[in-house]
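The values are calculated or read from the model by the stated rules, or taken from the named source; none is laboratory data. All values derive from a computational prediction rather than experimental measurement. Neighbour counts are summed over all protein chains in view; Cβ atoms, including those assigned to glycine, are modelled from backbone coordinates with ideal geometry.
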Amino acid sequence: MVKLFVSYSHKDSLLKERLLDNLETQLKIRDFEYSWWHDSHLLPGEEWEEEILHKAAEADGALHLISPNFLGSDFIRDNEIKVFLEEPKFTIPVMLRKVPLKDHRIDWLTLDRRQIFTLDGADFSSIRGTNRIDEFTGKLASQMIDRIENL
């Protein structure tokens, strides 16, 4: 069982849910055993920062849902991303919302050194129609499994 940590900006919560709902189906039909955690699993009264960093540390790897909000998040930049850069973990960056890849002024938190998943250059937020969403999440699921199995 692979433990995945989902890193995203709260401002992208609706998009995250839509992506994960579709991705979950695609992973299930491929019989891939995994669990994932994201901060919407936090319970009232938990020390959120401590719990997030604990779950990140115990995860095998992360799914980073990239957007302008993600790259602009102080908590992601100062805390979350470091867990996955300092330890021998895998990271799978997914373009949730369009960020210009060629703009050298953008701080990519070193994720620009990795292949970022898009569907023919399209980010998830721009995908329209059930067939295209299934194509996006289906290809992402296949590439995630390939990446994890080749570690």
Filter result for the condition that a residue is modelled with pLDDT under 95, closer than 23 Å to D146 by Cα, within 12 Å of the chain's Cα centre (by Cα) and among the aliphatic types (A, V, I, L, M), over I66, I81: I81
Filter result for F70 (assigned to a helix (DSSP H, G or I), farther than 21 Å from Q143 by Cα and either touching a His at 6+ places or on another chain (Cβ under 7 Å) or of a type outside the set (K, R) (or both)): yes
Residue satisfying all of: in segment 91-139; part of a loop (DSSP other than H, G, I, E, B) and of a type in the set (K, R); modelled with the lowest pLDDT among these: K102
Cβ-Cβ under 6 Å pairs, at least 6 apart or on other chains, segment 1-27 side under 16 Å from F117 (Cα atoms), far side among the hydroxyl-bearing types (S, T, Y): L15/S125; K16/Y8; N22/T137; L23/T137; Q26/T137
Where a residue in segment 36-60 is within 20 Å of D12 (Cα to Cα) and modelled with pLDDT under 90 and its partner, wherever it lies, is part of a helix (DSSP H, G or I) and aromatic (F, W, Y), with Cβ under 9 Å and at least six apart: D39/W48; L42/W48; E49/F75
Unique residue being surrounded by fewer than 17 Cβ atoms within 10 Å (Cβ to Cβ), within 22 Å of I133 (Cα to Cα) and of a type in the set (A, V, I, L, M) when the list is L19, L14: L14
Within segment 119-151, tally of residues that are free of Cβ contacts under 8 Å to residues at least 60 places away in the same chain, of a type in the set (D, E) and surrounded by 14 or more Cβ atoms within 10 Å (Cβ to Cβ): 2
Pick from segment 107-118, criterion out of contact with any Ser or Thr (no Cβ under 8 Å at 6 or more places or on another chain) and of a type outside the set (V, I, T), ranking: surrounded by the fewest Cβ atoms within 10 Å (Cβ to Cβ): R113
Criterion: of a type in the set (G, A, S), surrounded by 12 or more Cβ atoms within 10 Å (Cβ to Cβ) and not in a loop (DSSP other than H, G, I, E, B) - qualifying residue of S35, S40: S40
Members of segment 74-88 found to be surrounded by fewer than 21 Cβ atoms within 10 Å (Cβ to Cβ), under 12 Å from W108 (Cα atoms) and in contact with a Ser or Thr (Cβ under 9 Å, 6 or more places away or on another chain), listed by number: I76
Qualifying residue in segment 5-12 (condition: in a helix (DSSP H, G or I), within 13 Å of the chain's Cα centre (by Cα) and of a type in the set (D, E)): yes
Qualifying residue in segment 24-32 (condition: buried (at least 16 other Cβ atoms within 10 Å of the Cβ), in contact with a Leu (Cβ under 8 Å, 6 or more places away or on another chain), modelled with pLDDT of 90 or more and under 17 Å from Q143 (Cα atoms)): yes
